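Q: One structure follows; several queries about it will come next.
Read-outs throughout are calculated quantities, based only on the coordinates presented, and are distinct from any laboratory measurement. This is a predicted model, so every value here is computed, not measured. Positions of Cβ are backbone-derived with ideal geometry, glycine not excepted, and every protein chain shown enters the neighbour counts.
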Ligand code: TYD
């Protein structure tokens with residue numbers, strides 16, 4: 001599966017919280033053109049259900065607990081984001097489903113490009129077709 005769990009460097013400051021950080025092109029292998037975050041999500045809500053064709057992303061959850069399910073069209077894997085030091089780096093097209101285990105958990109994304117609706121695939125069948133086409137073109 002084409003993703004990597006990354007450690008986001010975190011500095012614990014005595015009794016007054018922690019500070020986490022990453023730097024574009026040093027800690028993550030792309031220039032960040034966009035940051036977005038999802039808030040005010042109720043418990044047990046589902047989001048996602050799409051893939052991106054070209055977008056590279058680092059997903060992280062600085063607050064709460066979100067279950068991310070990634071699929072490459074053959075198998076799927078679940079990754080729990082419940083720690084501000086954990087990121088999921090996605091460099092290839094993967095289908096993602098996201099489940100909010102805890103209300104108001106925050107999902108943050110650092111992305112390699114500006115918002116482009118044409119980069120989305122929102123139908124799972126179309127996603128698997130896209131992967132087949134892509135694999136044939138790469139041969
Ligand atoms: P979407 O990516 O579908 O969110 P999720 O996967 O969490 O369900 O985006 C939800 C809406 O927000 C959709 O109408 C597109 C819009 N949007 C932007 O306008 N700009 C952005 O950078 C993003 C990520 C979404």
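Q: Test of understanding: ordering 99, 50 by Cβ neighbours within 10 Å, fewest first, what list do you get?
A: Numbers: 99 19, 50 15.
So the residues, fewest neighbours to most, are 50, 99.
Q: Cα convex hull of the stretch 1-69: how many Å³ per residue?
A: Numbers: hull volume 9.5 nm³, N = 69.
Convex hull of Cα atoms, per residue: 138 Å³.
Q: Still on this structure, please answer the following. Would you mind pulling out the separation of the Cα centroids of the stretch 1-52 and the stretch 111-139, in Å?
A: 22 Å
Q: Next question. For labels at residue 76 and residue 53 in the simple 7 Å Cα→Cβ model, what's the distance in nm?
A: 2.4 nm
Q: Using C-alpha positions alone, give me the convex hull volume of the stretch 14-139 per residue in cubic angstrom.
A: On the way: hull volume 15.6 nm³, N = 126.
It is 123 Å³ per residue.
Q: So for 131, 80, fewest C-beta neighbours within 10 Å to most, what's the order?
A: In order of increasing Cβ crowding within 10 Å: 80, 131.
Q: Can you show me the helix-derived [θ] at 222 nm for the chain, built from DSSP H runs with n ≥ 4 at -39,500 (n - 2.57) apiece and divided by the number of residues, rounded to the nearest 500. Mind showing how you got there, number by number?
A: Details: 1 runs with 15 residues, N = 139.
It comes out at -3500 deg cm²/dmol, rounded to the nearest 500.
Q: Report the residues of the stretch 54-93 in range of a label on residue 19: point 7 Å along Cα→C-beta, backbone N strictly under 19 Å from it.
A: 62-63, 84-86
Q: I've got another one for you. Once the Cα atoms of helix 124-138 and of the chain are each reduced to a long axis, what angle between those two axes, in degrees from 0 to 90 to the nearest 10, is obtained?
A: Helix 124-138 sits roughly 70 degrees off the main axis of the chain.
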